[in-house]
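As C-alpha cells, the structure follows; a few thoughts come after it.
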Amino acid sequence: MHRNPVISDVLIGDAVEERKEPDPYDDVKDVEAKGPEEKWEYFSNLIKDCTRCYACRNACPLCYCPTCFVDESDPQWVGKSSDPTDTMTFHILRAYHCAGRCTDCGACEQACPVDIKVRSFTRKLNKDTLDLYECEAGLSIEERPPLDTYRPDDYDKFIR
C-alpha cells in the first residue's frame, strides 16, 4: 500500500511518489462481486497448481509459530495429501491466521515456485480489517492487531 517506509529509523535515498489509484482494493471488489459458486471456482482455480511446498508460509514474516497448524498432528488440522480440499484448507486457514497482521509485503507470492497469487486470499482480509476496524497492519508499533483486542463498539453484525 505504501511505497515508502512508514516506520523507519533512517530513510536511505529519496522518498518515491505514493500511489495515486482511487481505490487500491479494486481487485478485491471484483472478487466480492462474484456469487458464492463463482468465488469458490475463482479460488479453486487460483490454487489448482499448488504443490503444498509451503514456500509461501516459509517466506512470510508472520509465520513464526513454533509448530505450524499444517505440521500439527494432534489434532490434525489439514491432511498431508495433495487433495484439493486439504490444499484449500491450508490456504484459507493460513490467510485467517494472518488476518489483521498482514502488511501485504508480497513475500508469499515471490516465493511461490508455481506463481500462485497467494495475496488474493489475504487482500480481502486486509480490506475488511481496514473497513471494519479502521486498521492497516504495519503502520504503528504500539497498536495491537484488531483481532487481538476487543472493544465494546467492535463490528458485530455477523453474530446472530
Sole miss for ASP131 among (1) part of a helix (DSSP H, G or I); (2) buried (at least 17 other Cβ atoms within 10 Å of the Cβ) is condition (2)
Quick one: in segment 49-67, of everything that is crowded, with 17+ Cβ neighbours inside 10 Å and over 16 Å from the mean Cα position of the chain (by Cα), which residue is modelled with the lowest pLDDT? ARG52
Residue ranges of helices (runs of 4 or more DSSP H) in segment 1-77 with at least 3 members touching a helix residue (DSSP H, G or I) at 6+ places or on another chain (Cβ under 9 Å) and closer than 18 Å to CYS105 by Cα: 55-59
Using the structure shown, decide if LEU46 is among the hydrophobic types (A, V, I, L, M, F, W, C), at pLDDT 90 or above and within 16 Å of the chain's Cα centre (by Cα). yes
For segment 121-139, the count of residues that are in contact (Cβ under 8 Å) with a residue 12 or more places away in the chain and over 22 Å from CYS108 (Cα atoms) equals 2
Among the residues of segment 17-30, are any touching a residue at least 24 places away in the same chain (Cβ under 8 Å), touching a Ser or Thr at 6+ places or on another chain (Cβ under 9 Å) and not basic (Lys, Arg)? yes
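The values are calculated or read from the model by the stated rules, or taken from the named source; none is laboratory data. Here the structure is a predicted model, which means the values were calculated and not measured. Using ideal geometry, Cβ is built from the backbone for each residue, glycine included, and neighbour counts are taken over all protein chains shown.
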